[in-house]
Amino acid sequence: PEGLDGLPEPDAVFIGGGASEELLQAVWERLPKGARLVMNAVTIETEALVLDWSARKGGSLLKIDLAEPVAIGRKRGWKSALPILQWSVAR
């Protein structure tokens, strides 16, 4: 949160990971009305934080699952990456 000090008022903020209650609170307090916050969560702890904040502040949730092809012998199959929970909200 200290890294936000001295920055200009944002139109949008993206949090790609490493979020905490303190960071979200600091960002939310600096976010002007109408500005957008988008946050990704991969860990169970960050998902819980996103679900709590989305229940209180609204917005939309999107679960993103990605997979890429990998070799399985002479053929290929899909290997899944960790799913991402994305929260998007306008203040």
Q: Go through the stretch 28-91 and tell me which strands (runs of 3 or more DSSP E), entirely inside it, have 2 or more residues that are at negative phi and among the β-branched types (Val, Ile, Thr).
A: 67-72, 84-90
Q) All but one of (1) surrounded by 15 or more Cβ atoms within 10 Å (Cβ to Cβ); (2) of a type in the set (D, E, K, R); (3) assigned to a loop (DSSP other than H, G, I, E, B) hold for GLU9; which doesn't? A) (1)
(Q) Just checking, does the stretch 63-83 include any residue being within 15 Å of the chain's Cα centre (by Cα) and open to solvent by less than 40 Å² (accessible area, probe 1.4 Å)? (A) no
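Yes or no, residue by residue, for (1) closer than 16 Å to VAL89 by Cβ; (2) without any contact (Cβ under 8 Å) to a residue 40 or more places away in the chain; (3) out of contact with any helix residue (DSSP H, G or I) (no Cβ under 6 Å at 6 or more places or on another chain); (4) open to solvent by less than 50 Å² (accessible area, probe 1.4 Å):
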{"site": "GLY17", "(1), (2), (3), (4)": "no, yes, yes, yes"}
{"site": "SER20", "(1), (2), (3), (4)": "no, yes, yes, yes"}
{"site": "LEU23", "(1), (2), (3), (4)": "yes, yes, yes, yes"}
{"site": "GLU29", "(1), (2), (3), (4)": "yes, yes, yes, no"}
{"site": "GLY34", "(1), (2), (3), (4)": "yes, no, yes, no"}
{"site": "LEU37", "(1), (2), (3), (4)": "yes, no, yes, yes"}
{"site": "THR43", "(1), (2), (3), (4)": "no, yes, yes, no"}
{"site": "ALA48", "(1), (2), (3), (4)": "no, yes, yes, no"}
{"site": "LYS57", "(1), (2), (3), (4)": "yes, yes, yes, no"}
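The values are calculated or read from the model by the stated rules, or taken from the named source; none is laboratory data. Keep in mind that this is a model prediction, so the values were computed, not measured. Glycine also receives a Cβ, built like all others from the backbone with ideal geometry; neighbour counts cover every protein chain displayed. When the accessible area is computed, the model is the full protein with side chains, heavy atoms only, and any ligands, DNA or RNA have been set aside. Shrake-Rupley method; radii C 1.70, N 1.55, O 1.52, S 1.80 Å.
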